[in-house]
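These notes concern the structure reproduced below.
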Amino acid sequence: MKKISKNEITAVILAGGRSSRMGGDDKGLIEFRGKPMIGYACDVVREKVGKILISANRNHGAYQTYGEVVEDNLADFQGPLSGISSALNVCSTPYLLVLPCDSPLVTSELIDEIILKMTASSAEICVAHDGQIMHATFALIKSNLGLNLDEFLASGERKMALWYRGQKLARVDVSNHLEVLTNINRVEDLAL
């Protein structure tokens, strides 16, 4: 079994949402413990991937300091799959690592677990799972799924878990370290 190398992986950090529960402030740029939240995901993946993309629909200049900005192909903030689709359209590596911009407790160990599980399986998508539900924004996706995803989106569907379940799926059980999946969705969550 050949280990997936960093040069075979492009990361996309999903920062293209409305942030309505944060009063519309751009979540990835909100400071948490002294730095913008997106900085945590970028720091964790920098040594694990060959390239970093940022899926953003505003504040492109600020995000360009973290990676190459890609904007959703679909208008009106249609969800994370739209950002993943845009990233797959420009991805030149066999794998796309997906992470959210609002999970500052993510660790390099989680990334390693996802990559190792994908290496050891015949899956097309490897996703974090807490023992009950999948956490779809923590995943490694084979980049040849771009057309499949575009067809799914063209059908009007937007649910990540539904698209994932339509592919060969592997799950990484993170039930013994759930804190790595923590999302900062509301202003009060910043007090973590």
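Throughout, read-outs are computed from the coordinates displayed, never taken from laboratory work. Here the structure is a predicted model, which means the values were calculated and not measured. Here Cβ is always computed from backbone atoms with ideal geometry, including for glycine, and neighbour counts include all displayed protein chains.
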Original post:
Listed highest first by mean packing, meaning other Cβ atoms within 10 Å per residue, what order do 173-181, 107-115, 80-88 come in?
Top reply: 80-88, 107-115, 173-181
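Please order T137, T119, T93 by the number of other Cβ within 10 Å, starting at the fewest.
Taking fewest neighbouring Cβ atoms as first place, the list is T119, T93, T137.
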**OP:** Under 22 Å Cα to Cα from K2, which lysines show up? Leave out anything in the same chain fewer than 8 places away.
**Re:** K48, K51, K117, K142, K168
Original post:
In whole Hz, what ³J(HN,Hα) sequence does segment 110-115 give by Karplus (6.51, -1.76, 1.60; θ = phi - 60°), x for Gly and Pro?
Top reply: 4, 4, 4, 4, 5, 5
Original post:
Can you give the helix-only mean residue ellipticity at 222 nm for the chain, where every DSSP H stretch with n ≥ 4 adds -39500 (n - 2.57) and the sum goes over all residues, rounded to the nearest 500 deg cm²/dmol?
Top reply: -7500 deg cm²/dmol
Subject >> Protection-proxy order for peptides 51-64, 144-157, each taking the mean of Cβ atoms within 10 Å per residue, highest first >> reply: 51-64, 144-157
**OP:** Choose one answer from V49, V127, V98: the residue with the largest mean-square fluctuation in a GNM of the chain with alpha-carbon springs under 10 Å.
**Re:** V49
Subject >> Cut-off under 5 Å, modelled amide H: who pairs with T137 long-range >> reply: none
Subject >> Computed magnitude of the charge dipole of the chain (debye, nearest 20; Cβ of K, R +1, Cβ of D, E -1) >> reply: 320
Subject >> Taking only Cα atoms of segment 6-191, radius of gyration then Dmax in Å >> reply: 15.1, 42
Subject >> Calculated on alpha-carbon atoms, Rg and Dmax of segment 77-177 in Å >> reply: 12.9, 37
Original post:
Of I38, I133, I125, which has the largest mean-square fluctuation in a 10 Å C-alpha GNM of the chain?
Top reply: I133
